[in-house]
Amino acid sequence: MPDAPDAVDAVVIGAGPNGLVAANLLADAGWSVTVLEEQPEPGGAVRHDGEVAPGFVNDLFSSFYPLAAASPILGGLRLEDHGLRWAHAPHVLAHPLTDGTCAVLDRDVATTAASLDVFAPGDGAAWERLHTVWDRYRADIVDALFTPFPPVRAGARLALRLRGAGGLRLARTLVLPVRRMGEEEFRGEGGKLLLAGNALHADLAPEAAGS
């Protein structure tokens, strides 16, 4: 990419998703912005490749696209007006094991639950309970995720809702390492794999608090 001009309001280092979003927001606010990227093309971890086989396209990296799809900041950029289309597969992801079992995250909660019951009866019901909690607090959790750190206002709203609902156990769960959460919520490996796998996609270690 070209060298930065002598006088700009901001220089963004890196043309990955975060850098490009930041540059767009600054440009929309009237700033002059230059984006610098070491690689020959932009995109960061949101890039694809078609060289594996004819007609087959795969991600080069493991970006956490659901966070992008849920982001109010990205939504405000109206990328759909410029050609962005989100593809939603029925089976969102799967963790197959060598013994033939497979934990499946599906857009249908019952399908996910059935795949986890194969690992341990009752784990499907445990997943459905977690999903019910997510539905109840989804807006507050997503708001906290997309608020500049520390998420004081969003965190305070979530804390008040949890306290009002007697949710001390949930508050504790939200700050647990995902490995510990999986051990407490599921008897089999399926549910643990789905939780830990998603934490890793978000660049958080299974032992990290809040993962």
- prompt: After finding the eigenvalues of the alpha carbon gyration tensor for the stretch 10-82, what semi-axes result from the square roots of 5 times each, listed largest first in whole Å?
  reply: 25, 16, 10
query: Of the accessible area of the stretch 9-66, with the probe set at 1.4 angstrom, what percent is carbon plus sulfur?
result: 58
Length gained when the stretch residue 143-residue 79 is fully extended (0.36 nm per residue, less Cα-Cα span): 21.0 nm
Net charge over other residues, Cβ less than 14 angstrom from the Cβ of residue 103 (K, R count +1; D, E count -1): -4
field: Positive-end residue of 103, 118, 90, charge dipole of the stretch 44-127 with Cβ unit charges
entry: 90
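The values are calculated or read from the model by the stated rules, or taken from the named source; none is laboratory data. Note that the structure is predicted; figures quoted are calculated from it, not measured. Glycine also receives a Cβ, built like all others from the backbone with ideal geometry; neighbour counts cover every protein chain displayed. These area figures cover heavy atoms from the full protein model, side chains too; ligands, DNA and RNA do not enter into them. Shrake-Rupley method; radii C 1.70, N 1.55, O 1.52, S 1.80 Å.
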